[in-house]
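In what follows, a structure is listed as structure tokens, so that the remarks can point back to it.
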Amino acid sequence: MKTIVSGMRPTGRLHLGHLHGALRNWIRLQADSGRCFFFIADWHVLTTKPEDTGAIGANSREMVIDWLAAGLDPERVIIFRQSAIKEHAELHLLLSMITPTPWLVRNPTVKEQARDLGLIQEEADEAQVMTLNYGLLGYPVLQSADVLIYKANGVPVGIDQAPHIELTREIARRFNNYYGEVFPEPQTLITEVPKIPGLDGRKMSKSFNNAVMLRDSAKEIDQKLSRMMTDPRRVRRNDAGDPNDCPAFNLHRIYCTPEEIDYVSKGCRSAGIGCLDCKKVMIKHVIADLEPIHQRRVELETKPQIVTDVLEHGNQQARAVAAETMSQVRQAVGLGG
Ligand code: TRP
Ligand code: SF4
């Protein structure tokens, strides 16, 4: 029996990028026989935005509503909040004792995040990386604790997170070497993320204001996708285009039947159809896909107690497992009673 662990930072309401990039994969995994732990990585928000924490609570709830509405089933998986399980922090402390700083300083994903936040320059050298906050530099160690405390065998993540899971394995190996075999080395289960550009062709992101949110109404979805960027060559109706150069067509790839793909591709290349007609073929699928999510969301919004109960129950289950691992860890390290 395999144990799966993954977390998401609470950024609030989710968009199509989250749905196809992670959530649908989690929902697929819950159907397998193993045990799954999916959590709100709320401490991780403080690693990049320690001065801006006011929305963490509301964003966490919004995110969990979208998880449940999309079909994550609290009867089958353990859904919980990282900060509710203090054992993660204790394990993080102990793992930090055996993690050489160079393992952190060379982490490409941390560097990229720091660059995106404007904390270091494009071509930052090690000295610059060393100016980052301790918590940001060390967040992959916290992530390792998140994973190891449940003795995960697999961690489903996007490719950007792979260096963190590699670090997790290195830390687990060292721990087991020093103190005896406690942790399995988890596998990285790379999620094949289909390309989902935002409405303007850039990466889909709430902060770019170019996202189709899971909660958008059918009308909003239709309006947004109708004005989504297409192949710029199709200036006039009879200019031919190429679906491969069309941001909107990435959604066709996900949502349309092979016959529809064939029809619109030919129509695009011959200028036989206009972009709006082409997008209509895809838009109706997106709306139909999100419709059941909307319906479940309505119930979750009118009964806030559901999310409260799910988290309360999930926290209890996660805590029991984490507490058991920590008593083994303390014993192994020599801190047992
Ligand atoms: N760092 C991850 C992200 O930014 C979130 C995360 C925190 C995570 N802890 C984790 C993912 C443990 C997988 C396993 O997306
Ligand atoms: Fe994109 Fe379709 Fe327009 Fe071609 S016809 S550019 S695939 S929207």
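The values are calculated or read from the model by the stated rules, or taken from the named source; none is laboratory data. For clarity, every value in this text was computed on a predicted model and none was experimentally measured. No Cβ is skipped: glycine too gets one built from the backbone with ideal geometry, and neighbour counts run over all protein chains shown. The area values use the complete protein model at the heavy-atom level, side chains included, leaving out ligands, DNA and RNA. Shrake-Rupley method; radii C 1.70, N 1.55, O 1.52, S 1.80 Å.
Anything in the stretch 171-185 that is in contact with a Phe, Trp or Tyr (Cβ under 9 Å, 6 or more places away or on another chain) and crowded, with 16+ Cβ neighbours inside 10 Å? List them, or say none.
Correct list: 171, 172, 175, 182, 183.
A quick yes/no check of all residues on (1) surrounded by 13 or more Cβ atoms within 10 Å (Cβ to Cβ); (2) over 26 Å from the mean Cα position of the chain (by Cα):
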residue: 274; (1), (2): yes, yes
residue: 290; (1), (2): yes, no
residue: 320; (1), (2): no, no
residue: 328; (1), (2): yes, yes
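I need the helices (runs of 4 or more DSSP H) fully contained in the stretch 110-168, keeping only those with at least 1 residues that are open to solvent by 10 Å² or more (accessible area, probe 1.4 Å) and near ligand 1 (Cβ under 9 Å from one of its atoms).
139-148
Could you please give the count of residues in the stretch 216-227 that are of a type outside the set (Gly, Ala, Ser), surrounded by fewer than 19 Cβ atoms within 10 Å (Cβ to Cβ) and assigned to a loop (DSSP other than H, G, I, E, B)?
Qualifying residue count for the region: 1.
Residues to consider are 240, 320, 248, 271; find the one that is modelled with pLDDT of 95 or more, away from ligand 1 (no atom under 16 Å from the Cβ) and under 30 Å from residue 182 (Cβ atoms). If you could, list the steps in order and put the result at the bottom.
Values: 240 fails: under 30 Å from residue 182 (Cβ atoms); 248 fails: under 30 Å from residue 182 (Cβ atoms); 271 fails: under 30 Å from residue 182 (Cβ atoms).
Exactly one of 240, 320, 248, 271 is modelled with pLDDT of 95 or more, away from ligand 1 (no atom under 16 Å from the Cβ) and under 30 Å from residue 182 (Cβ atoms), namely 320.
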